[in-house]
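Below is one structure, written out as structure tokens, with a few remarks after it.
Since every read-out is calculated from the coordinates, none of them should be taken as a lab result. Since we're looking at a predicted model, the values are computed, not measured. Glycine gets a Cβ as well: all are built from the backbone with ideal geometry, and neighbour counts include every protein chain shown.
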Amino acid sequence: MHIQFAELPVRDQDRAKAFYGEHFGCRVAADAPMGNDGWRWIELTFEGAETALHFTRRKDNKPSAEPVMVLVDDDVAGTANRLKAAGVEIITEPQEAPWQPGRTVAEFRDSEGNRIVLADRQGAGR
């Protein structure tokens with residue numbers, strides 16, 4: 001069993017698709033019209049993952065206060081530095097997770113205002 005897709009709220013589907021494609025190498029698994037209002041069914045895939053990322057319509061323009069997704073990465077510091085150099089807002093620089101000693105985490109905000117956590121595989125960053 002696995003999760004087919006995780007939903008991520010966005011305001012601008014094309015901007016979000018470009019953000020995840022550019023910064024994380026996501027590929028488009030689906031991009032089809034959905035209804036009459038121009039909204040599309042978009043799913044992106046991460047290299048090596050079974051779960052796709054599906055965009056849902058964001059209800060407001062407020063950035064998320066709490067993290068909405070955790071991305072597991074083998075090089076949290078390197079990825080955070082690469083995102084920062086590309087102008088992505090880093091909320092929390094790489095550090096040990098207060099809730100899980102031995103695990104490195106960082107947080108950033110994506111193009112749609114979502115708060116996203118980068119985390120190494122448990123203890124891999126030490």
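Give the long-range amide H neighbours of ALA29: residues separated by 5 or more places, or on another chain, with amide H under 5 Å away, using H modelled in the peptide plane at 1.01 Å from N. Placed amide hydrogens put GLU43, LEU44, THR45 under 5 Å from ALA29. Quick one: among LEU44, LEU53, LEU71, which has the greatest mean-square fluctuation in a GNM of the chain with alpha-carbon springs under 10 angstrom? Largest GNM mean-square fluctuation: LEU71.
Debye sum, Cα scatterers, the chain, no solvent: what log₁₀ I/I(0) at q = 0.10, 0.12, 0.13, 0.22 1/Å? With one equal scatterer per Cα and no solvent, log10 I(q)/I(0) is -0.32, -0.46, -0.54, -1.39. Distant-in-sequence amide contacts of ASN114, defined by a placed amide H-H separation under 5 Å and a gap of 5 or more residues or a different chain, comprise SER64. Annotation: lysines with alpha-carbon distance below 26 angstrom to LYS84 (same-chain offsets under eight excluded): LYS17, LYS62. Amide H contacts for ARG58 (H built 1.01 Å from N in the peptide plane; partners 5 or more residues away or on another chain; cut-off under 5 Å): VAL10, ARG11. What share of the DSSP beta bridges in the chain is antiparallel, in percent to the nearest 5? Roughly 65 percent of the DSSP beta bridges within the chain come out antiparallel.
Here the 3J(HN,Hα) profile of segment 31-40, calculated from phi with Karplus coefficients 6.51, -1.76 and 1.60 at θ = phi - 60°, is 7, 9, x, 9, x, 9, 9, x, 6, 10 Hz, Gly and Pro shown as x.
Note on ASN61 and GLN100: with the Förster distance fixed at 30 Å, the Cβ-Cβ geometry gives a FRET efficiency of about 0.40.
Taking other Cβ atoms within 10 Å as a rough exposure proxy, GLU47, GLU107, GLU22 sort from fewest to most as GLU47, GLU22, GLU107.
Put in order of Cβ neighbour count within 10 Å, fewest first, the listed residues ASP37, ASP120, ASP12 become ASP37, ASP12, ASP120. Label reach from HIS2 (point 7 Å along Cα→C-beta): in segment 37-70, amide nitrogens under 14 Å belong to 44-53.
Can you figure out the FRET efficiency of ILE91 with ALA30, using R₀ = 25 Å and their beta-carbon distance, to the nearest 0.05?
Numbers: r = 30 Å, r/R0 = 1.19.
After rounding, the FRET efficiency stands at 0.25.
Here the Karplus relation 6.51 cos²θ - 1.76 cosθ + 1.60, evaluated at θ = phi - 60°, turns the backbone of segment 103-119 into coupling constants of 10, 8, 9, 8, 10, 9, 10, 7, 4, 9, x, 6, 8, 10, 9, 9, 9 Hz, with x for every Gly and Pro.
Length available on full extension from THR51 to TRP39: 0.36 nm per residue minus the Cα-Cα distance, which gives 2.2 nm.
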